[in-house]
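Read the structure below first, then the notes.
The values are calculated or read from the model by the stated rules, or taken from the named source; none is laboratory data. Note that the structure is a prediction, hence the values are computed from the model and not measured. In this analysis, Cβ positions are derived from the backbone assuming ideal geometry, glycine residues included, and neighbour counts consider all displayed protein chains.
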Amino acid sequence: MHDSSIETDFTEDDTWRVFRIMAEFVEGFEALSRTPKGVTVFGSARIRPGDGEYEEAEALGSALAGAGHPVITGGGPGAMEAVNKGAYEAGGQSIGVCIELPHEEKPNGYLTQTLSFRYFFVRKVMFVKYAKAVVILPGGFGTLDELFESLTLVQTRKMPAIPVILAGDHDYWDGLLDWIENSLARRGKISPGDLALIKRAHTPEEVLAFVAESPVS
């Protein structure tokens with residue numbers, strides 16, 4: 001006898017989900033492979049226009065676009081919006097790699113290209129696969145996740161040794177850098193040479209100098 005109680009929607013089956021994941025990868029690869037390698041910028045979604053950090057992020061986006069670098073962000077509010085705004089108003093390529101969430105805010109209004117993903121891990125691949133550098137602005141757990149994932153990928157040589165840059169003209173990163181050096185490195189949890197994977201920039205000009213050193217063009 002057929003037991004209807006175990007029937008499930010085939011589109012929610014794990015096997016079917018694989019095809020949906022593949023489709024997202026294909027769509028992302030096709031869209032971004034036609035774009036020159038860009039600079040991916042991560043940062044807090046919680047800052048607002050008028051904040052000093054918002055203005056710094058906007059100036060960074062403008063500087064990157066002025067130097068001819070496409071800008072890639074998560075396409076949301078806060079630092080993402082500020083960077084996209086700076087790049088957009090400078091006439092540059094301003095790319096948003098967005099995530100579909102039930103109550104997520106819409107993509108910000110300063111994008112020249114928008115990609116939307118259902119799966120976080122597919123989106124995270126797009127952030128780094130087409131980047132010549134990664135810039136980390138002050139942010140929370142999500143931003144720190146992207147920082148350490150980028151460092152791990154470079155450390156393990158799963159992606160080219162692109163610059164991973166902590167940016168911002170303030171002491172936001174000082175405690176973290178001190179902990180990495182005096183706890184992680186000193187106790188042998190990372191190699192001394194791994195400290196060099198982290199770049200520190202206080203101004204957009206310093207960020208541009210590190211981007212210029214990227215092995216990826």
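Computed values, structure above
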read-out	value
Region 142-165, residues that are of a type in the set (D, E, K, R) and surrounded by fewer than 18 Cβ atoms within 10 Å (Cβ to Cβ)	Asp145, Glu149, Arg157, Lys158
Exclusive hit being in a loop (DSSP other than H, G, I, E, B), more than 14 Å from the chain's Cα centre (by Cα) and small (Gly, Ala, Ser), set Gly91, Gly86, Gly139, Gly175	Gly91
Some residue of region 49-69 being outside any helix (DSSP H, G or I), at positive phi, in contact with a Gly (Cβ under 7 Å, 6 or more places away or on another chain) and crowded, with 24+ Cβ neighbours inside 10 Å	no
Only listed residue being within 24 Å of Asp51 (Cβ to Cβ), crowded, with 20+ Cβ neighbours inside 10 Å and modelled with pLDDT under 95, chosen from Gly139, Gly168, Gly92	Gly168
Residue match in region 184-195 (condition: crowded, with 16+ Cβ neighbours inside 10 Å and closer than 26 Å to Ile47 by Cα)	no
Residue match in region 105-122 (condition: basic (Lys, Arg) and either within 17 Å of Asp194 (Cα to Cα) or under 10 Å from the mean Cα position of the chain (by Cα) (or both))	no
For Asp194: the one exception among (1) within 27 Å of Ala82 (Cα to Cα); (2) assigned to a helix (DSSP H, G or I); (3) in contact (Cβ under 8 Å) with a residue 12 or more places away in the chain; (4) charged (D, E, K, R)	(1)
Members of region 142-158 that are part of a helix (DSSP H, G or I) and not β-branched (Val, Ile, Thr)	Gly142, Leu144, Asp145, Glu146, Leu147, Phe148, Glu149, Ser150, Leu151, Leu153, Gln155
Breaking point among (1) farther than 27 Å from Gly52 by Cβ; (2) at pLDDT below 95; (3) of a type outside the set (Lys, Arg); (4) in contact with a strand residue (DSSP E or B) (Cβ under 9 Å, 6 or more places away or on another chain), for Pro192	(4)
Residue selected from region 159-172 under the condition in contact with a Phe, Trp or Tyr (Cβ under 6 Å, 6 or more places away or on another chain) and outside any loop (DSSP other than H, G, I, E, B), by the criterion farthest from Val134 (Cα to Cα)	Leu166
Search result, residues across region 94-125 that are in a helix (DSSP H, G or I) and in contact with a Leu (Cβ under 9 Å, 6 or more places away or on another chain)	Arg123
